[in-house]
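**Q** Questions regarding the structure given below will be posed in turn.
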Amino acid sequence: MVSRISSRRRLHAHACPIRDVLDRIGDAWSLLTLFTLESGPLRFNELRRRVDGISQRMLSVTLRQLERDGLVSRTVTPTKPPQVEYALTELGQSLMVPVGALAAWASAKQPLIQRHRAAYDQAAEEILDDSSR
């Protein structure tokens, strides 16, 4: 019982590890970038083409943050012009295991979630209709 309570307190702490990871991957582009790199290393422009809708600036920012956290590596080949390639690190690959499980869960449960949302929205609408009479 004590461990369960202390575990909950850690979840609400500012420096909580899961909160830190979710902050990193929970933005608009990090997971898409990681999933795209899961198939293998890519150069910047190819990565940008594959991550639909991302701007050059946002991809740069996202890659820097993922590199800072050790999830992505950046390799520069000294050619003219220099070639830069991005890849998942071992740490990044290990993150894809639980993230893949979450993605599978989300895909499997999406119809149920949509039904619950529709039922909730309908009930909320009925309450509003009743209160406006």
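The numbers here are math on the coordinates, done by the rules we state, and not lab data. Quantities reported herein were computed from a predicted structural model and do not represent experimental measurements. Virtual Cβ from ideal backbone geometry, glycine too; neighbours counted across all protein chains shown.
**Q** Compute the length gained on full extension between R57 and Q122: take 0.36 nm times their separation in residues and subtract their Cα-Cα distance, giving the result in nm to one decimal.
**A** 19.3 nm
**Q** What does the charge dipole of segment 26-100 about its Cα centre add up to, to the nearest 20 debye, if the Cβ of each Lys and Arg holds +1 and the Cβ of each Asp and Glu holds -1?
**A** Roughly 360 debye, rounded to the nearest 20.
**Q** Rounded to the nearest 500, what is the 222 nm mean residue ellipticity of the chain from helices alone, with -39500 (n - 2.57) per DSSP H run of 4+ residues and division by all residues?
**A** Result for the chain, helices only: -22000 deg cm²/dmol.
**Q** Where in segment 77-133 are there GluC sites (Glu not before Pro) that are in a DSSP coil and have at most 12 other Cβ atoms within 10 angstrom of their Cβ?
**A** none
**Q** Using the Cα gyration tensor of segment 27-84, with a ≥ b ≥ c the square roots of its eigenvalues, what is the shape: rounded (a/c below 1.5), prolate (a/b larger than b/c) or oblate (neither)?
**A** Prolate, because a/c is 1.5 or more and a/b exceeds b/c.
**Q** Then there's this: Picking from L102, L128, P17, whose Cα lies most toward the positive end of the charge dipole for segment 2-131 (charges on Cβ: Lys, Arg +1; Asp, Glu -1)?
**A** Going by the Cα projections, it comes out as P17.
**Q** Anyone know which of Q114, Q93, Q56 comes out most mobile in the 10 Å Cα GNM of the chain?
**A** Looking only at Q114, Q93, Q56, the largest GNM fluctuation is found for Q114.
**Q** Now, a different point. In segment 22-117, which trypsin sites (Lys or Arg not before Pro) are in a loop and have at most 11 other Cβ atoms within 10 Å, using DSSP for the loop call?
**A** Listed in order of number, the matching sites amount to none.
**Q** Next up: I'd like to know which of N45, G70, W29 lies farthest towards the positive end of the charge dipole of segment 2-131, counting +1 on Cβ of Lys and Arg and -1 on Cβ of Asp and Glu.
**A** Farthest towards the positive pole: G70.
**Q** Now a separate question. Using a 10 angstrom cutoff on alpha carbons, build the Gaussian network for the chain and name the most mobile of Q65, Q122, Q110.
**A** Sorting by GNM fluctuation, first place goes to Q122.
**Q** Which value, in debye to the nearest 20, gives the size of the charge dipole of segment 2-131 about its Cα centre, when Lys and Arg are +1 and Asp and Glu are -1 at the Cβ?
**A** 640 debye
**Q** How far is helix 56-68 tilted, in degrees, relative to the longest principal axis of the Cα atoms in the chain, given as a value from 0 to 90 rounded to the nearest 10?
**A** Tilt of helix 56-68: around 90 degrees.
**Q** Determine, from the Cβ-Cβ distance of T89 and I113 and an R0 of 35 Å, the FRET efficiency 1/(1 + (r/R0)^6), rounded to the nearest 0.05.
**A** Calculated transfer efficiency: 0.60.
**Q** Assuming a viscosity of 0.692 mPa s and a temperature of 37 °C, what translational diffusion coefficient in µm² per second does Stokes-Einstein assign to segment 2-131, Rh being the Kirkwood radius over Cα pairs?
**A** 186 µm²/s
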